[in-house]
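The values are calculated or read from the model by the stated rules, or taken from the named source; none is laboratory data. Worth saying up front: this structure is predicted, and the values here are computed from it rather than measured. Every residue, glycine as well, gets a Cβ built from its backbone with ideal geometry; the counts of neighbours run over all protein chains shown. For the accessible areas, the whole protein counts, side chains as well, though only heavy atoms, and no ligand, DNA or RNA atoms are used. Shrake-Rupley method; radii C 1.70, N 1.55, O 1.52, S 1.80 Å.
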Amino acid sequence: FFFLKAVIQQLVIQAHAASHMTMELPFVGIRRNGRRALLAVAASAAAASLLRAGSRCKMRGFATPALRVPMLVGGRCLGATGGSAAVGCLSAPMFSRSWTHPAVVRAASQATAIDFKHGMGEAAAAQTTGGMEVALVPCLSDNYAPLLHDRSTGATATVDTPDAGCILAALEARGWTLTHVLNTHHHLDHTGGNEELKRCTGCQIIGPASEAARIPGLDVAVADGDQISVGRFVAKVLDVGGHTAGHIAYHFSGQNAAFVGDALFVLGCGRIFEGTPAQMWESLQKIRSLPDDTVVYCAHEYTQSNARFAKHLGGVPGLEDRLVAIDDLRSNGKATVPMLLGHEKVTNPFLRADTDAIREATGLAAGTPAVQVFAKVRSMKDRF
């Protein structure tokens with residue numbers, strides 16, 4: 001008992017900070033000195049898969065013909081790997097005993113505390129920090145134009161311009177004056193209001209350098225790694241091409257906010273029109289690398305459609321809880337945008353293309369590169 005306990009302790013400690021994968025922990029029975037023991041035989045990567053961002057593991061005793069032996073029978077993960085696994089179950093339990101490593105207790109408390117409803121819409125927007133006020137303006141049929149405002153300087157920016165009239169009305173209702181337009185890409189439902197807004201307000205228009213010729217009224221062309229300012233707020237420009245070749249996002253690290261246009265959606269990502277799957281997968285990994293508490297503002301209310309696809313695809317254990325939260329918000333006419341990035345890392349199949357669970361859901365062979373898995377998921381969604 002104590003030997004196996006020590007082994008699992010070490011696996012838990014090593015796994016706590018490891019990178020995410022999806023694998024099972026196998027157990028094998030062997031004979032040693034005439035006695036039967038159960039030894040956990042697992043690569044450190046397999047241990048990491050079970051415990052990366054939070055899991056609950058219990059030691060329980062089960063009966064064998066020779067003696068009672070402790071056994072890891074379950075782990076529930078709600079971090080980057082998601083899901084749950086039951087490994088190595090034997091016969092009916094004769095006794096129950098629990099041991100949980102402190103690292104797992106901390107991770108499990110975080111995992112079980114996930115409240116998906118409060119990670120979307122107004123509840124998520126309230127977690128934007130650093131004095132940034134954000135108003136989400138519905139435009140057209142399903143677009144959103146986020147207005148971000150710095151009260152101390154009066155500076156106000158709209159991220160993209162689907163409909164100038166809607167944006168001007170929202171500005172007037174709040175007593176804000178538009179100073180900046182932050183374009184993410186050239187599509188008309190993101191730039192259609194540029195010139196009217198510039199004519200009415202004299203605002204400065206910032207957009208992707210590689211699409212400069214297709215951004216109406218562009219004043220400042222920016223590229224990956226550049227910084228822009230809206231009042232006191234400073235954003236780093238991220239190249240997140242794929243949906244369009246030159247798509248960019250704006251990450252305001254001081255305010256825990258990222259404005260990603262059509263690169264990432266709740267439970268989805270942008271359709272690939274001009275880029276390549278490899279480019280899009282790289283872009284999503286770039287967004288995924290941002291902190292979990294980043295409040296992500298995307299540009300469309302596609303959430304219920306994306307949720308139906310994620311459920312159809314499978315490979316995302318624990319998704320049902322989020323689907324309930326989504327349906328509750330939408331049935332009450334509330335937006336699911338913005339969203340917490342940490343919740344996307346757990347449940348968005350497009351961010352999880354490098355997990356075995358999503359690979360298996362696509363029917364691809366073991367060892368298939370993540371970019372090919374992502375491409376398959378994206379093509380499945382295109383046809384869904």
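Between the C-alpha center of region 170-244 and that of region 344-374 there is a gap of 33 Å. For the peptides 300-306, 318-324, 144-150, the ranking by mean Cβ contacts within 10 Å, running from highest to lowest, is 144-150, 300-306, 318-324.
Ranked by solvent-accessible area (1.4 Å probe, protein heavy atoms only, all chains present), the residues Leu140, Leu218, Leu329 order from largest to smallest as Leu140, Leu218, Leu329.
Computed in the context of the full set of protein chains, the accessible area of region 226-286 at 1.4 Å probe radius has 44% of its extent on carbon or sulfur. Each Lys or Arg adds one and each Asp or Glu subtracts one; over the other residues with Cβ under 15 Å from the Cβ of His243, this totals -3.
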